[in-house]
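All of the numbers you see were taken from the coordinates with simple rules; none came from a lab. Nothing here was measured: the structure is a model prediction, and the numbers come from that model. FYI the Cβ positions are ideal-geometry reconstructions off the backbone, even for glycines, and counts take in every protein chain you see.
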Amino acid sequence: MQLIIDRRLAGKNKSIGNRERFLRRHKEQIREAVKRAVDGRGIRDLQRGEDIHIPRRDISEPVFGHGQGGQRETVHPGNQDYVRGDRIERPKGGGAGGSGSGQASDSGEGEDDFVFHLSKEEFMQVFFDDLALPNLARTTLAETPEYKTHRAGFSSDGTPNNLHVVRSLRGSIGRRIALGRSHRSELRELEERLEALRLEPEGLRLEIAELEQAIATLRARLAAIPYLDPIDLRYRSRVRVPVPTSKAVMFCLMDVSGSMDEGRKELSKRFFILLYLFLTRHYEKIDIVFIRHHTQAQEVDEQNFFHSTETGGTVVSSALVLMEEIARARYPTSEWNIYGAQASDGDNWHHDSGRCRELLAERILPLCRYFAYVQVAEEEQNLWDEYAQLAAANPVFAMKKATSASQIYPVFRELFSKEGASA
């Protein structure tokens, strides 16, 4: 079976089907490229496209070849090993492949990688492919900002349901008055002359007939003026005005002690990315505060937040104290919507977990719109037990576990289901 691929320019998305088939055929290479791109990007830079490089050797496409045709019998001299009907085995060790030895040369030519651009939508689609419910994820995270329509006067074109009847009739009356004004003045004069002639003695019948004919002509012209013309129609004009959005700040708290390996940090990063994307759909201005902690907490940039490692114990309350100090100093609740997201493996100094619950309940949660805790380890320790008591009594605090990449989005949706429903 021959497979023909259309390589013509994709004018007005005419080759979008071919592009989708290509993306499906090279899904693994594209997924690896997206993974590398996500690892090297910041949270704010996630929503953009990416140039994908695929080696030429990984792209196999059928081609048309022209053979000699017909039936031919050819004698090849020098064959001492095979007779008609023998099967020739493939060469061992890669066939004619070179050993890679030798000096560099200035002759010959190589093959470049095949490069194409992955759009923002396609990039996000591949990014969510290994998460549960990917279609729902893309639908939820593709919401556009809301707009409201406001009146903006009247226009001469529009839809019938926006037709303003009173305004249209007012224009119709004005047009008919303007077009018939001169005719009515002339008609009034002719009618007055006609009445005067009829009072005269007989002998002016010819002039009276001419006046009557002129009067009839003017009345016909006035009657020919349309009652409602398309130029009279006026429609309500409306403009779309973006809904004013308030500001939000997202606090990202993460344990960077020795027990948090790169795999757990990667899970935490995915959760923070989803939260950031979620907030950007609801707020125009988003600030992100990165707080890492082991035995001490520190506000850092994104690079150090995700890639630095520490050793030693863990004191979670240090991060909560620093979050409260920053929120009260830089983000007043009258101007900012505060969201908190904490990721940890659950390991904490056992005397500190109770203090964490008290800090959240008494000082942090009253400032927050929502606070989510994600544990990237299966084992439940004393921090999980303390947080479970808090989650049962406070509706703005939620907690879940996520131990694999496929669990991140379902956990995220459960944590923010109320916000998603009200959006």
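If you build the convex hull over the alpha carbons only and average its shadow over all orientations, what do you get for region 216-300? Give it in nm² to one decimal.
9.9
Arrange the peptides 114-120, 394-400 so that the one whose residues have, on average, the most other Cβ atoms within 10 Å appears first.
Peptide ranking by packing, descending: 394-400, 114-120.
Kirkwood Rh, region 160-237, all Cα pairs: how many Å?
14.9
Taking a threshold of 24 Å on the Cα-Cα distance, which of the pairs 120/285; 35/247; 247/401 fall above it?
Pairs exceeding the cut-off: 35/247; 247/401.
What's the ranking of 148-161, 363-376, 291-304 by average number of surrounding C-beta atoms within 10 Å, highest first? Walk me through the intermediate numbers first.
Details: 148-161: 10.9, 363-376: 20.5, 291-304: 16.7.
Most protected by this proxy first, the peptides run 363-376, 291-304, 148-161.
When the Debye formula is applied to the Cα atoms of region 247-422, each taken as the same point scatterer, what base-10 log of I(q)/I(0) results at q = 0.19 Å⁻¹?
Scattering profile of region 247-422, log10 relative to I(0): -1.38.
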